[in-house]
Every structure is written in structure tokens, then in C-alpha cells.
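Some notes on the structure that comes next.
A short reminder: the numbers here are calculations on the coordinates, not readings from a lab. Since this is a predicted model, take the numbers as computed values, not measurements. Positions of Cβ are generated from backbone atoms using ideal geometry, with glycine treated the same way; all protein chains shown enter the neighbour counts.
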Amino acid sequence: MAVSEDAEAGLAAKFAVVRKVADERTWRVYLGSEARALGRGGIALVARAAGVSETTVAAGVSEIESGGLEGLPPGRSRRPGGGRKKAEETQPGLRPALRSLLEEATRGDPMAEITYCSLSLRELERRLAALGWRCGKDAVARMLSGDGYSLQGMAKVLEGRQHPDRDDQFRHINAMITAFRDAGDPVVSVDAKKKEQLGPYHRDGRSWRPGGSPVRVRDHDFPDEKLGKITPYGVYDIAANTGFVSVGTSHDTAAFAVHALRLWWQREGSLRYPAAGRLLVVCDAGGSNGYRCRLWKDQLAALAAETGLEITVCHFPPGTSKWNKIEHRLFCHITRTWRGRPLASYEVVVNTIAAAATGTETTALTVVRISVYRRSASRAGISGSPGR
């Protein structure tokens with residue numbers, strides 16, 4: 001049957017619209033109905049106009065003529081067993097070949113039934129091709145999933161050696177927190193956050209901006225001697241659910257840590273707990289507030305004499321710092337606020353920390369920027385001085 005070029009172009013335009021909304025079965029049957037209406041030569045014409053194979057159009061015609069429209073189960077576009085066969089079905093030795101490759105690249109703990117492969121999907125595809133097997137990376141991923149493998153990231157769950165007294169330390173910390181809170185005495189969780197470089201540096205995450213105008217940052221993170229780094233030190237009041245952050249512009253020393261605690265007491269703690277005679281400080285076992293740091297103890301003794309407080313310190317066991325409440329009550333929200341945003345200046349740091357909020361309620365934050373003296377000055381007993 002002869003059809004003009006304009007008529008064929010009209011069919012192509014109509015097919016392009018229908019293809020966007022039709023599933024596989026509807027598309028196949030629709031093409032078959034158009035081919036039957038055109039008569040002799042309709043299958044070739046429809047296939048050419050729709051950009052599909054004549055087999056697809058012929059299958060639609062056959063399905064209409066045989067009454068097979070009612071034969072498929074609900075929700076299916078093909079009969080069971082129809083469609084292209086899987087690579088592992090057409091090549092019976094493919095799965096054993098893949099397993100032999102995985103044998104030498106599998107890692108993990110067999111007792112815990114946790115395994116992973118050190119080779120990428122494309123590398124496995126290349127190695128299978130070198131052995132004479134035709135298999136794409138999607139088929140490799142499907143077979144890996146069937147054998148119990150999955151694509152996973154790392155999980156920070158290993159906490160070092162399991163000391164027999166470790167659980168007792170956690171129970172002791174919880175009991176101390178409960179006793180202080182029941183008595184109306186302040187309990188704070190303290191820690192120093194990771195140092196951050198100031199300037200136009202890349203940070204993980206994304207932020208909403210007009211299309212085509214991403215924030216431009218440097219392609220390398222070479223330190224800027226002028227801007228330097230900042231060290232946020234947080235004091236989280238567990239009972240009041242409030243955070244106090246001191247942003248240091250020099251070293252993270254024990255003197256700096258105690259000075260941040262001093263500022264919190266002067267500006268918030270003494271006003272919130274006017275009758276308190278003691279203070280409980282919960283922290284991890286290392287860093288500027290570590291249990292081996294003598295300067296930390298010396299400066300805490302000076303703070304106790306200055307304020308008249310009886311200061312008790314509870315350290316978490318080594319390797320369990322993420323159990324400290326400040327990590328998941330304060331620092332995680334600060335990190336989320338910084339995602340996709342360069343820390344260009346001290347003002348940006350202070351303002352973004354103050355804007356940190358949880359998903360359900362705002363955590364009241366007081367941010368103070370302070371500068372601390374160098375290590376030599378700290379050893380001389382100078383605990384820091386407020387900055388601008």
C-alpha cells in the first residue's frame with residue numbers, strides 16, 4: 001500500500017505522543033491496531049514510522065487477532081517467560097565463572113556472614129569478557145545481589161578493644177548524670193569539633209540556588225595563611241538542651257577548652273543555675289580534654305577555685321567518643337548547616353552555627369568567637385582572651 005510522505009510523518013508525530021504515556025503492552029497493541037487498519041504493508045509502514053521493529057508490530061497484530069488481550073495476568077505486559085532471556089540463562093557457565101572471580105576478591109568476616117568484593121562491576125565485566133563471556137555490568141550486579149552481595153558504605157561501629165570494665169564506665173556516667181540532674185545541678189557535655197579551614201573551600205552537600213549558578217570554590221584545599229583555621233569548642237547543657245560554642249582561632253589546647261567552659265559559666269551557667277555548688281563535665285578520653293592531659297586538670301582546678309564550684313569530670317572510654325551527647329545533639333546539626341556552604345569568614349562561621357536547628361525544635365545556641373594564646377602562653381597559665 002502506497003502512503004504519502006506527509007501521511008507517514010503524521011503517523012510518526014502521533015506515535016511520538018502516544019509512546020510517552022503507553023506501557024509496553026499498550027504500545028504494542030496500539031501499533032498492531034494501526035497496522036491492521038492500514039491493511040497490506042501496514043506492518044512495515046507502522047514499524048518505520050514508529051521507529052520499532054516489524055516483529056513488535058506483528059506481535060501486536062497477532063495478539064489482537066488471536067484474542068490474547070485477555071490472556072495475560074493483571075499487571076503484566078508479556079506472557080510468563082517472554083522477553084529477552086537473562087545472560088546467566090543463555091550462558092549456563094556464566095554464574096560459576098563469576099563466582100570463581102569473586103572467590104579471590106571476596107573480603108569480610110565469614111562468621112558474621114558479611115562479605116564484599118574488592119572489584120568494581122566494570123572490572124568484573126572486563127574479566128568475564130577476557131574469559132569469553134558476554135555480560136554487562138547490570139547483569140553482574142544482578143548476579144551479585146542474588147549471591148548475597150550488596151553495595152554498601154563503611155559503618156563506624158568498631159570501638160576498639162572491649163575492656164571488661166567499659167560497660168561499668170557507661171553505667172557510672174549515666175548514674176552521675178541522673179544524680180546531678182535530679183539535684184538540680186548542671187551537667188554539660190563538652191568536646192572540640194574538627195578544625196575547619198576558612199576561605200572558599202569545597203564542602204560536601206548541596207544547597208538550593210538559581211539554576212546554573214553554583215558557589216565557586218577552589219579546586220585544591222591548600223591552607224590559606226591569612227585566613228587560617230578555626231576550632232569550634234562546644235559546651236552542651238544536657239538538661240536545658242542548649243549549646244554554647246566558642247570558636248577558637250589558634251590551637252586547640254586544654255587552656256582553650258577550659259576557657260570555653262569558663263565563658264559558658266559566666267554567660268549562661270551561673271544565670272541558669274544560681275544555687276549550684278557543683279558541676280559535672282562529661283567528655284571523651286582524648287584531645288584537649290583528655291584524661292592524661294595535666295593542663296586540663298590544672299585549668300579545671302583554677303576554674304573551680306575561681307567559681308567556687310566542685311567540678312567532677314567523667315571520661316568516656318577510649319574509642320567511644322561518638323557516645324558523647326554533644327556529638328549527636330549539637331555537632332551533627334552544625335555540620336548539616338555547613339553542608340554545601342564555604343566557610344568564607346569568621347562571621348559566616350558564627351552566624352551559621354547560631355542558625356543550627358534540629359528537625360523538630362530549635363536548639364538555643366550562643367556562639368562566642370575567642371582567640372587563644374599559643375601553647376607556650378597556655379603553659380604559663382594564660383587560659384585565653386575574648387576576641388572581637
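So the values come out like this:
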item: Derived scalar couplings ³J(HN,Hα) [region 231-236; Karplus, 6.51 cos²θ - 1.76 cosθ + 1.60; whole Hz; x for Gly, Pro]; result: 10, x, 10, x, 10, 9
item: Pair Glu54, Val217: separation of 7 Å Cα→Cβ label points (nm); result: 5.9 nm
item: Inter-label distance, nm, simple model (7 Å from Cα along the C-beta direction), Gln266/Ser100; result: 7.5 nm
item: Amide H partners (placed H, <5 Å) of Ser345, local residues excluded; result: Gly199
item: Region 241-256 - phi-based ³J(HN,Hα) in whole Hz, Karplus 6.51/-1.76/1.60, Gly and Pro as x; result: 6, 10, x, 10, 10, 9, 9, x, 10, 9, 7, 8, 9, 5, 5, 5
item: Sorted peptide list for 330-337, 220-227, 173-180, criterion being average Cβ within 10 angstrom, highest first; result: 330-337, 173-180, 220-227
item: Full-extension gain in nm, Asn241 to Ala129, via 0.36 nm per residue minus C-alpha separation; result: 34.4 nm
item: For region 233-333: rounded, prolate or oblate by the Cα gyration tensor [a/c cutoff 1.5]; result: rounded
item: Rounded if a/c under 1.5, otherwise prolate or oblate - region 5-70, Cα gyration tensor axes; result: oblate
item: Residues Thr320, Thr231 arranged by fewest to most Cβ contacts within 10 Å; result: Thr320, Thr231
item: For region 224-283: rounded, prolate or oblate by the Cα gyration tensor [a/c cutoff 1.5]; result: prolate
item: Whole-Hz ³J(HN,Hα) from phi, Karplus 6.51 cos²θ - 1.76 cosθ + 1.60, for region 32-38, glycine and proline x; result: x, 5, 5, 5, 5, 5, 7
item: Lysines whose Cα lies under 28 Å from that of Lys137, excluding same-chain neighbours fewer than 8 positions away; result: Lys20, Lys85, Lys86
item: Residues with amide H under 5 Å from that of Val313, placed H, sequence gap 5 or more; result: Val281
item: Cross-link pairs beyond the 18 Å C-alpha cut-off, checked among Lys229/Lys322; Lys193/Lys229; Lys297/Lys322; Lys229/Lys325; Lys297/Lys325; result: Lys229/Lys322; Lys297/Lys322; Lys229/Lys325; Lys297/Lys325
item: Summed side-chain charge close to Gly184 - residues other than Gly184 whose Cβ falls under 11 Å, Lys, Arg +1, Asp, Glu -1; result: +1
